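What follows is a set of notes on a single structure, which appears directly below.
Every read-out reported here was derived from the displayed coordinates using simple, explicitly stated rules and does not represent laboratory data. As the structure is a computational prediction, the values presented were derived from the model and not from experiment. Cβ placement follows ideal geometry from the backbone for every residue including glycine, while neighbour counts extend to all protein chains displayed.
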Amino acid sequence: MSQPDLRIPFASRTLSGGVTVAHQVIARLVGEAARVTYGVVGMQEPAVKRIARFLRGSDGEGVELSVSEGSVDIGLRVVMERGVNIAQVTANLQEQVRYQLERVSGIPVGQINVRVEDLQD
């Protein structure tokens, strides 16, 4: 099932037309922001989703998006570096993803839920 595109709100209503952003573009932006966060070594998703994503050729591994009431809720499945403070890395991750997505797209971010799938050396 295809995810809906996300409409970008404009500060000025003087522009005619509108802008929408494809679901996979938002997932890619979120994934990129997550991967550069200190303590995050990768993204992960269930095997079934990896196979489906490979067959569809889509991006956004470990990222789930849900559009609700003019904002996007984000679910992240991450692999963290062993020995980091998981609570602190998670807080930094949420802040980084929210900042980058709102800065680049202008789309308001609702909840950001993080699931730590594994720890690696």
For Leu119, what is the net charge nearby, where nearby means another residue's Cβ is under 15 Å from its Cβ and Lys, Arg count +1, Asp, Glu -1? -1
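Contour minus end-to-end for Ile86 and Leu119, with contour as 0.36 nm per residue of separation and end-to-end as the Cα-Cα distance? The partial results should precede the final answer.
Values: separation 33, 0.36 × 33 = 11.88 nm, distance 0.98 nm.
Full-extension gain reported as 10.9 nm.
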In nm, to one decimal, how far is the Ser71 label point from the Val25 one, both placed 7 Å along Cα→Cβ? 2.2
